[in-house]
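Read through the structure below, which is laid out as structure tokens, and then see the notes.
The values are calculated or read from the model by the stated rules, or taken from the named source; none is laboratory data. Fair warning: this is a prediction, and the values are worked out from it, not measured in the lab. Cβ coordinates were reconstructed from backbone atoms using ideal geometry, including for glycine residues, and neighbour counts include every protein chain displayed. Heads up: the accessible areas ignore ligands, DNA and RNA and are worked out on the full protein's heavy atoms, side chains in. Shrake-Rupley method; radii C 1.70, N 1.55, O 1.52, S 1.80 Å.
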Amino acid sequence: MELKFSTFLSLTLLFSSVLNPALSDLCNPDDKKVLLQIKKAFGDPYVLASWKSDTDCCDWYCVTCDSTTNRINSLTIFAGQVSGQIPALVGDLPYLETLEFHKQPNLTGPIQPAIAKLKGLKSLRLSWTNLSGSVPDFLSQLKNLTFLDLSFNNLTGAIPSSLSELPNLSALHLDRNKLTGHIPKSFGQFIGNVPDLYLSHNQLSGNIPTSFAQMDFTSIDLSRNKLEGDASVIFGLNKTTQIVDLSRNLLEFNLSKVEFPTSLTSLDINHNKIYGSIPVEFTQLNFQFLNVSYNRLCGQIPVGGKLQSFDEYSYFHNRCLCGAPLPSCK
């Protein structure tokens, strides 16, 4: 009799969970409620069609649940389209570690202030959208961030110096916006990791901070801005820098006097006002890419290493550079 009753109970529970899937949901009900409100705020877009109240939100497209707590830890929308502003409701997903809106041309408005509530956030990617306004200072409060990508937007104004207070940052992408002003001096004083730094295709002006002499950037891209003066502080014999792009600025310094790290594999300084000659040390470097064209360099291109493996377009339009792959010196 007892066996029959337990079997009956099991079947009853089974049927009730089939009839009411919420009973078997792994998904946290608070998270589910917030996600359904986010879907509504976006106007029920097709990309969120799997977000239905009678299904487990851990199975929904664009989100993932933590395998232990079953709390929503990732919201990533990078296919399909959503329109409007980022809803403040994203700040009500307290266990989010990854938030991504990528290739969303109809996403507008400022970077949502409620993101500041997501203290566990490790990766924030808002890229290839039509977000506008400034890069918000509150991002510096997200101390667990390891990756911050705000590239390919319409962001304006100055870069907040407080971003250097993010201790775990491995990469900072602010490229392809309309940012103005100087590069913050604090970017020469990152308090933890030294992140790969991408500030290209903006309208940044002034000098590269001298504090960069203390920073060992693995990869740095400051190209296509209006930066002036000396960039030699980026380099140094004791650094482990690998990739540097300073092309299309107004930089003016003597290349012959710069001490380059032996780790350097890619150097692009085209379209500046850089003078002097190509250092003989370049023959010792394992360049995968090199472009020094459209500057004011002079003298013979040193022979050796990888220097003759690049074509004339890597060297042409200088004041008086000569030697292979350019015409021989007279």
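Things to note:
- Filter pass, LEU3 being in a helix (DSSP H, G or I), modelled with pLDDT under 95 and more than 44 Å from the chain's Cα centre (by Cα): yes
- Whichever residue in segment 8-39 is modelled with pLDDT of 50 or more and outside any helix (DSSP H, G or I) and, among such residues, is surrounded by the fewest Cβ atoms within 10 Å (Cβ to Cβ): LEU26
- Taking first residues from segment 238-255 that are within 13 Å of ILE208 (Cα to Cα) and in contact (Cβ under 8 Å) with a residue 24 or more places away in the chain and partners that are open to solvent by 10 Å² or more (accessible area, probe 1.4 Å) and outside any strand (DSSP E or B), the Cβ contacts under 6 Å between residues at least 6 apart in sequence or on separate chains come to ASN249/ASN225; ASN249/ASN272; LEU251/ASN272; GLU252/LYS273; PHE253/ASP230; PHE253/SER232.
- The listed residue being among the hydroxyl-bearing types (Ser, Thr, Tyr), modelled with pLDDT of 95 or more and farther than 20 Å from ASP311 by Cα, out of SER293, SER277, SER263: SER263
- Listed conditions (1) without any contact (Cβ under 8 Å) to a residue 40 or more places away in the chain; (2) open to solvent by 10 Å² or more (accessible area, probe 1.4 Å); (3) not charged (D, E, K, R) are all met by ASN291, apart from (1).
- Selection of first residues in segment 200-229 that are under 14 Å from PHE190 (Cα atoms) and at pLDDT 95 or above and of second residues that are surrounded by fewer than 16 Cβ atoms within 10 Å (Cβ to Cβ) and among the small types (Gly, Ala, Ser), restricted to Cβ pairs under 9 Å at least 6 apart or on distinct chains, gives the following pairs, ordered by first then second residue: THR218/SER263.
- In this structure, SER170 does not qualify as over 30 Å from GLU97 (Cα atoms) and at pLDDT 95 or above.
- Candidate set from segment 128-153 (those that are touching a Phe, Trp or Tyr at 6+ places or on another chain (Cβ under 9 Å) and under 15 Å from ILE86 (Cβ atoms)); member that is surrounded by the fewest Cβ atoms within 10 Å (Cβ to Cβ): TRP128
Residue-by-condition table, conditions (1) buried (at least 17 other Cβ atoms within 10 Å of the Cβ); (2) in a strand (DSSP E or B):
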position	(1), (2)
GLY236	yes, no
LYS239	yes, no
PHE260	yes, no
LEU297	yes, yes
VAL303	no, no
TYR313	no, no
SER328	no, no
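- Residue among THR156, THR180 that is assigned to a strand (DSSP E or B), under 17 Å from the mean Cα position of the chain (by Cα), in contact (Cβ under 8 Å) with a residue 24 or more places away in the chain and surrounded by fewer than 19 Cβ atoms within 10 Å (Cβ to Cβ): THR156
- Within segment 262-277, being out of contact with any Asp or Glu (no Cβ under 8 Å at 6 or more places or on another chain) and open to solvent by 10 Å² or more (accessible area, probe 1.4 Å) holds for THR262, SER263, THR265, ASN270, HIS271, GLY276, SER277.
- The set of residues in segment 40-73 being within 19 Å of LEU107 (Cβ to Cβ) and open to solvent by 30 Å² or more (accessible area, probe 1.4 Å) consists of LYS40, ALA41, GLY43, ASP44, TYR46, ALA49, TYR61.
- Scope segment 241-258; condition open to solvent by 40 Å² or more (accessible area, probe 1.4 Å) and either assigned to a helix (DSSP H, G or I) or at pLDDT below 95 (or both); matching residues: SER256, LYS257
- Enumeration of residues in segment 90-127 that are farther than 15 Å from LYS143 by Cα and either among the hydroxyl-bearing types (Ser, Thr, Tyr) or open to solvent by 40 Å² or more (accessible area, probe 1.4 Å) (or both): ASP92, LYS103, PRO105, ASN106, THR108, PRO110, PRO113, ARG125, SER127
- Members of segment 159-177 that are touching a Pro at 6+ places or on another chain (Cβ under 6 Å) and open to solvent by less than 30 Å² (accessible area, probe 1.4 Å): ILE159, LEU169, ALA171, LEU172
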